[in-house]
1. Residue by residue, what Karplus-based ³J(HN,Hα) values in Hz, rounded to whole numbers, does the stretch 21-32 have, using 6.51, -1.76 and 1.60 with θ = phi - 60° and x for Gly and Pro?
2. Going by amide H atoms built from the backbone, whose H comes under 5 Å of the H on residue 43, apart from near neighbours?
3. Within 10 Å of each candidate Cβ there may be at most 15 other Cβ atoms; applying that plus a DSSP loop requirement, which trypsin sites (Lys or Arg not before Pro) in the stretch 1-59 survive?
4. (1) 14, 50, 29, 6, 1; (2) 11, 21, 20, 18, 16, 9, 4, 1; (3) 16, 54, 29, 1: which one is P(r) over Cα pairs in 10 Å bins from 0, in percent as calculated from this entry?
5. From the helices alone, meaning DSSP H stretches of at least four residues, give me the mean residue ellipticity at 222 nm for the chain, per-run term -39500 (n - 2.57), in deg cm²/dmol to the nearest 500.
6. Out of the stretch 1-76, which GluC sites (Glu not before Pro) are coil in DSSP terms and have no more than 10 other C-beta atoms within 10 Å?
Amino acid sequence: MSSQARLALWDHIVRRLKLPAQLKLILLVIANYIEPNGGCSRVPLTLLSRDSNLETSELSLLLLSLEGRNLVSRVIVHPEGGGPTIVLYSLSATLLQAVQNFH
């Protein structure tokens, strides 16, 4: 993702979306992990918790709200060798498309 596109995304999240501050914070944290080549970010709950300074239990509820608004999507990864599943979060295609259409 180019610098201009990243700035447009941050601007859209901060100025255009009418959301509580904690929801915007989560979106901005996820946006910071988008790959420079434009690949989507896949951020685990633990990293979101660390970067937002929110407890995982609180984050889970906030992420459900963002999923319900179609701003965040999640992928569940099942490790090959067994072990616990990992949930990864990314910005929704709908949100990314809205930013492209607006700017």
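Every number in this text was worked out from the coordinates using simple rules, so none of it is lab data. Quantities reported herein were computed from a predicted structural model and do not represent experimental measurements. Cβ atoms come from the backbone with ideal geometry, glycine included; neighbour counts cover every protein chain shown.
1. Working through the residues one at a time gives 4, 5, 5, 5, 4, 4, 4, 5, 4, 4, 4, 5 Hz.
2. 89, 90
3. Working: sites: 6, 15, 16, 18, 24, 42, 50; in loops: 18, 42.
Sparse-neighbourhood loop trypsin sites (Lys or Arg not before Pro): 18.
4. Here P(r) over Cα pairs in 10 Å bins from 0, in percent agrees with entry (1).
5. Values: 5 runs with 51 residues, N = 103.
After summing the helix terms and dividing by the residues of the chain, the value is -14500 deg cm²/dmol.
6. On the way: sites: 55, 58, 67; in loops: 55.
Passing sites in the stretch 1-76 are 55.
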